[in-house]
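The next block holds one structure in the form of structure tokens; read it before the comments.
Just so it is clear, none of the values below were taken in a lab; they were calculated from the coordinates. Model, not experiment: these values are computed from the prediction. With ideal geometry, Cβ positions are generated from the backbone for all residues, glycine too; neighbour counts draw on all protein chains shown.
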Amino acid sequence: MLPRRIVQFLIIYFLGLAGLLAVKYGLQLSNYVIPGPALIWQTFQAEAVRYLRDVLDTMSIAIIGQVLSICLALLVGIVGRQTTWFGSFVKVAAYNVQAYPIVALAPIIFILLGDGFLSRLLIAAMICYFPLLLSVLGIMAEPIRDIEHFYRMTGRMRWQLEVKIRAFENLGKLTTVVAGSATLAMAGTIVAEFIAANAGIGYSIRIALYQSDLGKILIALFLIGISLSVYQGLLEWCGAFIRRTWESN
Amino acid sequence: MASSASMQLSCRQATFRYPRTATPVFEDLSFEMPGPGFNALFGPSGVGKTTLARLLTGTSRDFAGEIRMDGIDRVLYTYNTERLPGWSAVGTHLERIVAPGQHDLRDRLVALFDMQPHLASRFAQLSLGQKNRINLIRYLLQDFQMLIMDESLANVDEPTREQIILGIKDLFPDRFFLYISHNVVEVAKFCRHILVLAAKGRARPASVVSGRDHNRDGTPDRERLERAMLEIVNAA
Amino acid sequence: MTRHRYAAALTAALISFVFVAPGTLLAADKINYRLKWLFNTSVVGDLYADVQGDFADAGLAVTVKSGGPERDAIKELELGQAQFGVASADQVIRALDKGAPVVVIAQLFQVNPLQWIYRQSAPPINDLSDLKGRTIGVTFGGNDETVMRTLLAKAGLETSDVKLFNVRYDYTPFYRGQVDIWPVYRNTQGIVIGRKMQADDDPVRFFIPAGFGVKFVANSVVTSRKMIQREPDTVRRFIRALLCGWEKALDPDNSEKALDMLQQYDRDTPRELLEAQLAITRTLVKPTPDLAIGTIDVAAWKQTEAIMRDQKQIAQPVGVEKALHSEFAF
């Protein structure tokens, strides 16, 4: 699962790079518009270590943000699954919060929380929270009738059991959503850093953009992609592992 | 454990239609069915057997007419596509839902249903027939006066099915069973009364036919059995 | 058509697009002029030449396009999407360093509008050593960082002698007094912030790097080497029409006309603010009456290159003076 993800990423990345280079040589563009392979390699040697550190910094925040939003989405999903007034209120509130674009909220967040760790974390969590919530709500609100029937008939159904049944039956779907939301958490953190932070790969990309340095951006994209592939692969592996243990105890 | 000497299920001109639909599932349904005993609900597909079962459990009260259940307080309904959660072995699940003092009954049921070798398996690992058997055991371990078994023995081979039905009749003589099945021989042979819901357009929408109520000790009278079968088929 | 023929046709179409497209764009009558920033007072002359018909009088159909942080006129020149553009000197030097065929045909700002604002209540910066101990706003990666580092080096100060603060679009840290001196564009934000603080009885001053010998060139008009070789006449007509527009826009006699026009493009800024911005822009673009607008300050360009080399922003000397071509304008 993990090596396959990395190989897939490498194929996509190098196809994209080849396309760029084809345009470069086709149009005889200078290294300023699209850097040549030698310059990209040179940039890689000069920046890879620093950028990797930045990517890991960004990723650590993305992971914490993701964990937060998973917890929040589970909480809201569990409460919002009920067809009660409170359930639908929670659902509506959750949808509304997401209706505001992050770029519009970001300045308020930065003014209130400054441009450090907390702002980056909050924005990452906000960006990856909604798709997670949608899936969790969808999963939690959908009864597994064939399993739940017995517990309802015999008055044994408790909310914990209901959540357990629905989570277990949809574990594969949940794993996919969680792995997918990792990309969003990462994108969210990068956006936050790009808008207003003093650290992370988003911040480095912003500086590279100031300097019109596409080479650095290509290196950053490479490192982001490879780190994300590893992380997502690990998440999928964890999902499979949890399922295996859950099924065999 | 509930016990009741006399039970009666009766229905007066019951009509049910799903919201926003014109044609009723059944109309003017009237019958009387005495209990306890192993009874059946028989009829072609689509005549409203499952719908009637739902009305009996009280999950839906949105019907016209009257349904009375004298001496029956607790009704359970089970159907053949039910599943047990996949996170534990079926034996563990059984252990969790057995009431104190019922362990003996559980062991007898497990033996009767021939499920002992499969208790350590996950639900998904069982065959279709085994799945239906383990599910039915769960229900039989509950506190009920009426149990509606909607094709609960589907995919179970005939000898085992006979064994199980006879066993249930031995173990639960004071309960009211309503066994939904399409097997006319089976219901005619084992059931005391058979409530037959007729296909749409028949004059009598419902009739109660007497079955042979065959027990472990007796030998079935072939002629009478055939007559009962004929009666059932004619009523349907 | 068989699948193979279809694929071949598609490939041919792609190849012809890749190789022919820039040529066709260049051959077109229409000229695209990509600015560095959004339409505001800093581009008043560019707009004036367009709106008042200077380009049309020169027989050119010019589309003036606003810039922005994601736009890069030099890249557009190479891609054939624009024939002329505005770029800052550091962009030009970086592009030359990477082999871009870009040339400068006029320098719009004689004094870099990038300056630092600070409170009059703070000790004045009369000498670069006065920067010591202050919290200084810089945009990390931006050219204000380059300029400030040069100033600090010139003063013999280490980065540890001051506190550099990462600046973004939000001025709150300066208003709150968290940061002592804050980078602004003198003719636009500088006026807005200065007025706001004046209204709060907290008057401001500006710290001007050029006053301390650091001349870092700002916006200039650029085109491609191919353009000056193949269509020198178009280049000549374009730059003369453009500078004529600038001269007229900054002529105090035309200021009403210029302000009317600016208001059409920049609806969010009140007229009296635009007026103040126009007055300051005049001093940056045409600091003395006898200096022609567009004059290329070669020494300042060389200094800009030297600064960038000192700070290792370019790998090798690019000889920027070779890319400066004032002969089309004058």
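Over all pairs of different C-alpha atoms, chain C has a mean inverse distance whose reciprocal, the Kirkwood radius, equals 21.3 Å.
Could you put C:Ile31, B:Ile194 in order, starting from the residue whose Cβ has the fewest other Cβ atoms within 10 Å? Could the numbers behind the result be given before it?
Values: C:Ile31 21, B:Ile194 28.
In increasing order of surrounding Cβ atoms, one gets C:Ile31, B:Ile194.
Summary value for chain C: 28 percent relative contact order, contacts being C-alpha pairs under 8 angstrom separated by 6+ residues. Under a 5 Å amide H cut-off, with hydrogens placed 1.01 Å from N, B:Ile148 pairs with B:Leu76, B:Tyr77, B:Thr78, B:Leu178 among residues at least 5 apart or on other chains.
Computed from the alpha carbon positions, the gyration tensor of region A:34-83 leads to an equivalent ellipsoid with semi-axes of 42, 12, 4 Å, biggest first. Restricted to Cα atoms, region C:84-126 shows a radius of gyration and a Dmax of 16.2, 48 angstrom.
Equivalent ellipsoid of the protein assembly as shown: semi-axes from √(5λ) of the C-alpha gyration tensor, largest first, are 83, 28, 26 Å. Loop-located GluC sites (Glu not before Pro) across region C:30-113 with a Cβ neighbour count of 10 or fewer within 10 Å are C:Glu70, with loop assigned by DSSP. Computed about the Cα centre, the dipole magnitude for region B:7-235 is approximately 560 debye when only Lys and Arg (+1) and Asp and Glu (-1) carry charge, each at its Cβ. Note on chain C: with a GNM built from Cα contacts shorter than 10 Å, the maximum mean-square fluctuation among C:Ala82, C:Ala249, C:Ala306 falls on C:Ala306. Between B:His214 and B:Phe190, B:Cys191, the built amide H atoms are under 5 Å apart, and every one of these is 5 or more places off in sequence or on another chain. Neighbouring Cβ atoms from other chains, within 10 Å of the Cβ of residues in A:144-151, number 5 on average.
To the nearest 10 degrees, how steeply does helix C:143-154 sit against the main Cα axis of chain C, on a 0 to 90 scale? Taking the Cα atoms of chain C, the angle to C:143-154 is about 50 degrees. When you count the other C-beta atoms within 10 angstrom of each residue and take the mean per peptide, A:25-35, B:33-43, A:136-146 line up highest first as B:33-43, A:25-35, A:136-146. The coefficient of translational diffusion for region A:83-147, derived via Stokes-Einstein from the alpha carbon Kirkwood radius under 37 °C and 0.692 mPa s, stands at 240 µm²/s. Across region A:25-134, Cα-Cα pairs more than 17 Å apart make up 68 percent of the total. Helical content of chain A, expressed as a calculated mean residue ellipticity at 222 nm, amounts to -29500 deg cm²/dmol (DSSP H runs of 4 or more residues, -39,500 (n - 2.57) each, divided by residue number, nearest 500).
Using only Cα atoms, tell me the angle between helix A:201-210 and the longest principal axis of chain A; keep it within 0 to 90° and round to the nearest 10. The helix A:201-210 is inclined about 40 degrees to chain A.
Computed over chain B, the percent of Cα pairs more than 29 Å apart is 29. Debye-formula intensities of region C:114-212, expressed as log10 I(q)/I(0) at q = 0.11, 0.15, 0.22 Å⁻¹, are -0.28, -0.53, -1.21 (one equal scatterer per alpha-carbon, no solvent). Computed from Cα atoms alone, the Kirkwood hydrodynamic radius reported for region C:239-286 is 11.0 Å.
Which percent, nearest 5, of DSSP beta bridges in region B:7-235 are antiparallel? Looking only at bridges with both residues in region B:7-235, the antiparallel portion is about 50 percent.
If you average 1/r over every pair of different alpha-carbon atoms in region B:131-197 and take one over that average, what Kirkwood value in Å do you get? Mind dumping the intermediate values first?
Details: mean 1/r = 0.0806 Å⁻¹.
Taking the inverse mean of 1/r over all distinct Cα pairs, region B:131-197 comes out at 12.4 Å.
Just for chain C, what percent of DSSP beta bridges are antiparallel, to the closest 5? Percentage antiparallel, nearest 5: 60.
Going through the cross-link list C:Lys65/C:Lys322; C:Lys132/C:Lys163; C:Lys30/C:Lys257; B:Lys169/B:Lys189, which pairs have a Cα-Cα distance over 20 Å in this structure? Could you put the intermediate results ahead of the total?
Numbers: C:Lys65/C:Lys322 28 Å; C:Lys132/C:Lys163 9 Å; C:Lys30/C:Lys257 26 Å; B:Lys169/B:Lys189 13 Å.
Checking Cα-Cα distances, C:Lys65/C:Lys322; C:Lys30/C:Lys257 exceed 20 Å.
Other protein chain C-beta atoms within 10 Å of residue C-beta, averaged over B:78-87: 6.
Taking all Cα pairs closer than 8 Å and separated by 6 or more residues, the relative contact order of chain B comes to 26 percent. Ranking A:Ile242, A:Phe194, A:Ala62 by how far each Cα lies toward the positive end of the dipole of region A:2-248 (charges on Cβ) leaves A:Ile242 at the top.
When the Cα positions of C:Leu108, C:Ala155, C:Met227 are compared along the charge dipole of chain C, C:Met227 comes out farthest toward the positive end, with charges on each C-beta of Lys, Arg, Asp and Glu.
Per residue and in cubic angstrom, what volume does the convex hull of the Cα atoms of region C:162-239 have?
Working: hull volume 13.0 nm³, N = 78.
Hull volume normalised by residue count: 167 Å³.
Over all Cα atoms in region A:123-248, the spread is summed up by Rg and Dmax: 20.0, 69 Å. Considering only alpha-carbon pairs that sit under 8 angstrom and 6 or more positions apart, the relative contact order computed for chain A is 32 percent.
Can you list, largest first and rounded to whole Å, the semi-axes you get for region A:2-248 by taking the square root of 5 times each eigenvalue of its Cα gyration tensor?
Working: eigenvalues 335, 96, 39 Å².
Each semi-axis is √(5λ); the values are 41, 22, 14 Å.
Out of C:Ile314, C:Ile105, C:Ile125, any idea which swings most in a Gaussian network model of chain C, alpha carbons joined below 10 Å? Residue with maximal mean-square fluctuation among C:Ile314, C:Ile105, C:Ile125: C:Ile125.
At 222 nm, what value in deg cm²/dmol follows for chain C if DSSP H runs of at least 4 each add -39500 (n - 2.57) and the sum is divided by all its residues, to the nearest 500?
Details: 13 runs with 144 residues, N = 330.
Using -39500 (n - 2.57) per qualifying helix, the result is -13000 deg cm²/dmol.
For chain C, the longest principal axis of the alpha carbon atoms and the long axis of helix C:271-285 meet at an angle near 80°.
Taking every DSSP bridge with both residues inside the protein assembly as shown, close to 55 percent are antiparallel.
Under Stokes-Einstein, with the Kirkwood radius over Cα pairs standing in for Rh, what whole-number D in µm²/s applies to region C:249-330 at 4 °C and 1.567 mPa s?
On the way: Rh = 15.6 Å.
It diffuses with D of about 83 µm²/s by this estimate.
For peptide C:228-241, compute the average count of partner chain beta-carbon atoms within 10 Å of each residue's beta-carbon. List each step's numbers first, then the result.
Details: counts 0, 0, 0, 0, 0, 0, 0, 0, 0, 0, 0, 0, 0, 0.
Per residue, the number of nearby Cβ atoms from other chains is 0 on average.
For region C:224-330, GluC sites (Glu not before Pro) meeting the loop criterion (DSSP other than H, G, I, E, B) and having at most 11 other Cβ atoms within 10 Å: none.
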